[in-house]
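To keep things clear, I will list the structure first and then write my remarks on it.
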Amino acid sequence: MKQHARVVIIGGGVLGAGLLYFLTKEGWNDIVLVEKGELTSGSTWHAAGLIPHFIGGLSMAKLHREGPALYKTLEAETGQATGWHGCGAIRLALTDAEVDWFHYVKGILDTVGSECHLISPDEIRKLHPLLVVDDVKMGFFTPNDGHTDPASATNAMAAGARMGGAEIYRHTRVTGTRLLDSGEWEVVTDKGSIVCQHVVNAAGSFAKQVGEWVGLD
Ligand SMILES: Cc1cc2nc3c(=O)[nH]c(=O)nc-3n(C[C@H](O)[C@H](O)[C@H](O)COP(=O)(O)OP(=O)(O)OC[C@H]3O[C@@H](n4cnc5c(N)ncnc54)[C@H](O)[C@@H]3O)c2cc1C
């Protein structure tokens, strides 16, 4: 295990592995990820893997826009399949309030350049003949939605990060972090310590516990 690194990421879920991967793309390779179990042993393992575009916030809409493009190309880059399956999706509005919400979300997706269409019940039936649309007012069609296997996608990003020079320590539990007089951080694990410039808390549902080590509530 390294004793010094520029960044230590705590947690090997989709978030930690994704950050590790994208940091290597930015040219950062003196970086490590520490995971107490196997990669994806947290929430990521439980996820359904739906990759939708429909979302009411601008920042998240940009993130959602990037997912399908990434999951389609990662396998060619890393040799690790992501389980991507593009199938598109239709959401159904049954009330006027939901129709208003669809118009609002369309504005956001149009702003970030994610393809979406407000469609009539007749158009819904053409796309999905088995649906009963008698009480449906409008459909929100996102043709580029899909689903992926979260464990495979995470491992593909981990593989890409390793190819970019990052290191991953599995079965290694972080037990504390300490700010040193030098301004660096000491990340203490059950297998030794790593001194680094930046610590990333990607511990998922354990993030509160990790935050408490530096006084965050
Ligand atoms: C049933 C279910 C269905 C879902 N479906 C979807 C979906 O369809 N689409 C979607 O986008 N999202 C879905 N989600 C949400 C998604 O799973 C989470 O948002 C995502 O997995 C969070 O990833 P993470 O990396 O932040 O956390 P996690 O995957 O929980 O990773 C945190 C990691 O940190 C490690 N860790 C914690 N403490 C330490 C420590 N002290 N030292 C070392 N390692 C540590 C843990 O072992 C864990 O592996 C779903 C979630 C659930 C539960």
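Summary table
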read-out	value
Longest DSSP-loop-exposure-free segment, trypsin sites (Lys or Arg not before Pro), the chain, at most 16 other Cβ within 10 Å	3-136
Square roots of 5 times each gyration tensor eigenvalue, C-alpha, the chain, largest first, Å	40, 18, 15
Candidates Ala203, Ala158, Ala48: whichever shows maximal mean-square fluctuation once the chain is modelled as a Gaussian network with Cα springs under 10 Å	Ala48
Within a Gaussian network of the chain (alpha carbon springs, distance under 10 Å), most fluctuating of Leu92, Leu127, Leu109	Leu127
C-alpha center-to-center spacing [the range 183-217, the range 1-42] in angstrom	12
Solvent-accessible area per residue for the chain (1.4 angstrom probe, square angstrom)	53
Helical mean residue ellipticity (222 nm; -39500 (n - 2.57) per DSSP H run of 4+; nearest 500) of the chain	-11500 deg cm²/dmol
Percent accessible area from carbon and sulfur atoms, the range 87-146, protein chains only, probe 1.4 Å	56
On Cα atoms only, tilt of 14-25 relative to the major axis of the chain in degrees	70
Overall Cα dimensions of the range 1-45, principal axis frame, Å, largest first	28, 23, 10
Taking the C-alpha atoms of the range 87-146, convex hull volume expressed per residue in Å³	68
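The values are calculated or read from the model by the stated rules, or taken from the named source; none is laboratory data. Since this is a predicted model, take the numbers as computed values, not measurements. A quick note on method: Cβ atoms are made from the backbone with ideal geometry, for glycine too, and the neighbour counts reach across all protein chains shown. Remember, those area values only see protein heavy atoms, side chains included, never the ligands or the DNA or RNA. Shrake-Rupley method; radii C 1.70, N 1.55, O 1.52, S 1.80 Å.
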